[in-house]
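Enquirer: Below you'll find the structure I mean.
The values are calculated or read from the model by the stated rules, or taken from the named source; none is laboratory data. All of these numbers come straight from a predicted model, not from anything done at the bench. Neighbour counts run over all protein chains shown; Cβ positions are idealised from the backbone, glycine included.
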Amino acid sequence: MRKAATERAIVIDPAIRLFYVEVVPPTLEHQLGDWDRIAAELDARFGLKDVRLDPVLLGSLQKIVRQGKWGVTVTVWQDREAVRVQPGYVEEAFGLAVDIGSTTVAMHLCDLRTGAVLATASRMNPQVAYGEDLMSRVSYCDDRPDGLATLHGAIIAALNELAAQAAADAGITTDAITDIVLVGNTVMHHILLNVPPRELGQSPFGPAISDAVDIKARDLGLKLAPGAQAHVLPVEAGHVGSDNVGVILAEEPERPRQTRCG
């Protein structure tokens, strides 16, 4: 079940970036909200306009700002959404790269600043217990009222176990992981996203969506940082999945998009 990651010479340009800002405490005369002050500073110092805060972070925001004595590190996704706020100055950012195969699931924990792989964890895909091949899993989802929920729950539980293992091996906690990228064949892609794969089992094998999907990790059931973002690569066809897209991107990143992703 072991799957090692090979090294590639790439330009590090992660979707997740860290920004440290200091803000002036509110007064009776100036009672602008804590996040509004942070957002204004992100704009003034880094040119990040209209960065929104993931609402799940609001409950802890004021405590964190005061713990940092009005200095905080903001983790921003795609320069438009704050997915984590930490007290004081922080340099560490972590993400997961995951390949969901029909037989094996492989996960790599990466340092998003350097691109280094810090830990690797893998295991057999637990969906094998419900069908060894893709078509039998499509049938399992189609024939049982709880079929899709069962297979989706199985892969999410496996991903959470692997994330906990990788984080422990790297000496961090899972709530420090703010980004996850996932690939898989088209059936695995649909089950991961809790999308019925029925149409993939019959001609013309049309997927529900071909484009990439951005979704909150928590909405998939993943136990990472509360605001962590999940990115699922696009699929190419009914039985040419995002795992193939990932290989092309890794091997030939300089190729134009229309060539790389169909």
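Enquirer: Looking only at the stretch 191-209, filter to residues that are under 18 Å from the mean Cα position of the chain (by Cα) and either modelled with pLDDT under 85 or not in a loop (DSSP other than H, G, I, E, B) (or both); which one of those is nearest to residue 156 (Cα to Cα)?
Expert: Filtering first and then ranking leaves 192.
Enquirer: What's the total number of residues in the stretch 5-46 that are assigned to a loop (DSSP other than H, G, I, E, B), modelled with pLDDT of 90 or more and within 25 Å of the chain's Cα centre (by Cα)?
Expert: Of the residues in that region, 1 qualify.
Enquirer: Out of (1) among the charged types (D, E, K, R); (2) out of contact with any helix residue (DSSP H, G or I) (no Cβ under 7 Å at 6 or more places or on another chain); (3) modelled with pLDDT of 95 or more; (4) within 15 Å of residue 98 (Cα to Cα), what's the single condition that is false for residue 243?
Expert: (3)
Enquirer: Mind checking whether some residue in the stretch 127-150 is under 20 Å from residue 218 (Cα atoms) and surrounded by fewer than 20 Cβ atoms within 10 Å (Cβ to Cβ)?
Expert: Step one: of the stretch 127-150, the residues under 20 Å from residue 218 (Cα atoms) are 148-150.
Next, from what is left, pick out any that are surrounded by fewer than 20 Cβ atoms within 10 Å (Cβ to Cβ): 149-150.
Within the stretch 127-150, one or more residues are under 20 Å from residue 218 (Cα atoms) and surrounded by fewer than 20 Cβ atoms within 10 Å (Cβ to Cβ).
Enquirer: Within the stretch 169-177, does at least one residue satisfy the condition of being modelled with pLDDT of 95 or more, surrounded by 15 or more Cβ atoms within 10 Å (Cβ to Cβ) and among the polar types (S, T, N, Q)? Write out each step before concluding.
Expert: Here is the first cut: in the stretch 169-177, the residues modelled with pLDDT of 95 or more are 169-177.
Those left that are additionally surrounded by 15 or more Cβ atoms within 10 Å (Cβ to Cβ): 170, 172, 174, 176-177.
After this cut, where a residue has to be among the polar types (S, T, N, Q) as well, the list is 174.
Scanning the stretch 169-177 turns up at least one residue that is modelled with pLDDT of 95 or more, surrounded by 15 or more Cβ atoms within 10 Å (Cβ to Cβ) and among the polar types (S, T, N, Q).
Enquirer: Then there is this: Where the second residue is part of a loop (DSSP other than H, G, I, E, B) and the first is free of Cβ contacts under 8 Å to residues at least 40 places away in the same chain and lies in the stretch 96-114, which pairs have Cβ atoms under 8 Å and are six or more apart or on separate chains?
Expert: These pairs meet every condition: 103/125; 110/116; 111/92; 111/93.
Enquirer: Which condition does residue 166 not pass, out of (1) surrounded by fewer than 19 Cβ atoms within 10 Å (Cβ to Cβ); (2) assigned to a helix (DSSP H, G or I), if it passes all the others?
Expert: (1)
Enquirer: May I pose another question? Taking the stated definitions as given, is residue 56 buried (at least 17 other Cβ atoms within 10 Å of the Cβ) and modelled with pLDDT of 95 or more? Walk me through how you get there before you give the answer.
Expert: Numbers: buried (at least 17 other Cβ atoms within 10 Å of the Cβ): no; modelled with pLDDT of 95 or more: yes.
It is false that residue 56 is buried (at least 17 other Cβ atoms within 10 Å of the Cβ) and modelled with pLDDT of 95 or more.
Enquirer: Can you pull out every residue in the stretch 116-148 that is assigned to a helix (DSSP H, G or I) and either free of Cβ contacts under 8 Å to residues at least 40 places away in the same chain or under 19 Å from residue 106 (Cβ atoms) (or both)? Spell out the reasoning first.
Expert: Residues of the stretch 116-148 that are assigned to a helix (DSSP H, G or I), as a first pass: 126-130, 134-143, 147-148.
Within the stretch 116-148, 126, 127, 128, 129, 130, 134, 136, 137, 140, 143, 147 qualify.
Enquirer: Another one. If you scan the stretch 80-101, which residues turn out to be surrounded by 19 or more Cβ atoms within 10 Å (Cβ to Cβ) and either over 16 Å from the mean Cα position of the chain (by Cα) or more than 30 Å from residue 58 (Cβ to Cβ) (or both)?
Expert: Scanning the stretch 80-101 gives 85, 99, 100.
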